[in-house]
1. Name every residue in region 63-88 that is aliphatic (A, V, I, L, M), buried (at least 17 other Cβ atoms within 10 Å of the Cβ) and closer than 15 Å to ASP8 by Cβ, in order of residue number.
2. Name the pairs whose Cβ atoms lie under 7 Å apart, with the first residue in region 116-140 and at pLDDT 85 or above, the second among the small types (Gly, Ala, Ser), and 6 or more positions between them or separate chains?
3. Do we find that GLY6 is modelled with pLDDT under 95 and not hydroxyl-bearing (Ser, Thr, Tyr) in this structure?
4. Quick one: LYS22 ticks every box in (1) surrounded by 13 or more Cβ atoms within 10 Å (Cβ to Cβ); (2) farther than 18 Å from ASN138 by Cα; (3) at pLDDT 95 or above except a single one, so which number is it?
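The values are calculated or read from the model by the stated rules, or taken from the named source; none is laboratory data. Bear in mind that the values here come from a model prediction, so they are computed numbers and not experimental data. Note that each Cβ is placed from the backbone with ideal geometry, even for glycine, and that neighbours are counted across all protein chains shown.
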Amino acid sequence: MKILVGVDDSKHSQAAVEFVKKMTWPEGARVLVVSAVREFIPVYTEVYVPAAPYSEQLREDMFRSHQELVSVAEKTLRDVGLSTEAKVLAGDPRTVLVDVARTENVDLLVVGSHGRTGLAKLLLGSVTSYVVSHAPCNVMVIKIT
């Protein structure tokens, strides 16, 4: 069985990792921990200020931060005896998770839900809603109650 866990820096993501950690999985189950770094688009820069160096540094910092997130999640899962792998990829988290689930032939995709509604959901989008609708596999949504 191959399980994909989508992580970010939220407590909802941590709840998803904790859920996977506490479950009993079939022998030989493999867990793939994935985090997606959204592309940085500078909204405004002065004509005389080069945006590229700032953008590249920010991108590197974001990748480093996401790498730390997946490393912590991977260690948490490895410590309970699960076989793990971690990836940090560039792109929209919605499409990254669905694409990885498809290319890796994942059996279960586990994500945490922020539970946004209304305007916040409209403006920020819903990774969970998209994943549930488009994933080629079963999706488990972990909510904090």
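1. LEU69, VAL70, ALA73, ALA86, VAL88
2. Correct list of pairs: THR128/SER113; ALA135/ALA101; PRO136/ALA101; CYS137/ALA101.
3. Judged against the criteria, GLY6 is not a match.
4. (1)
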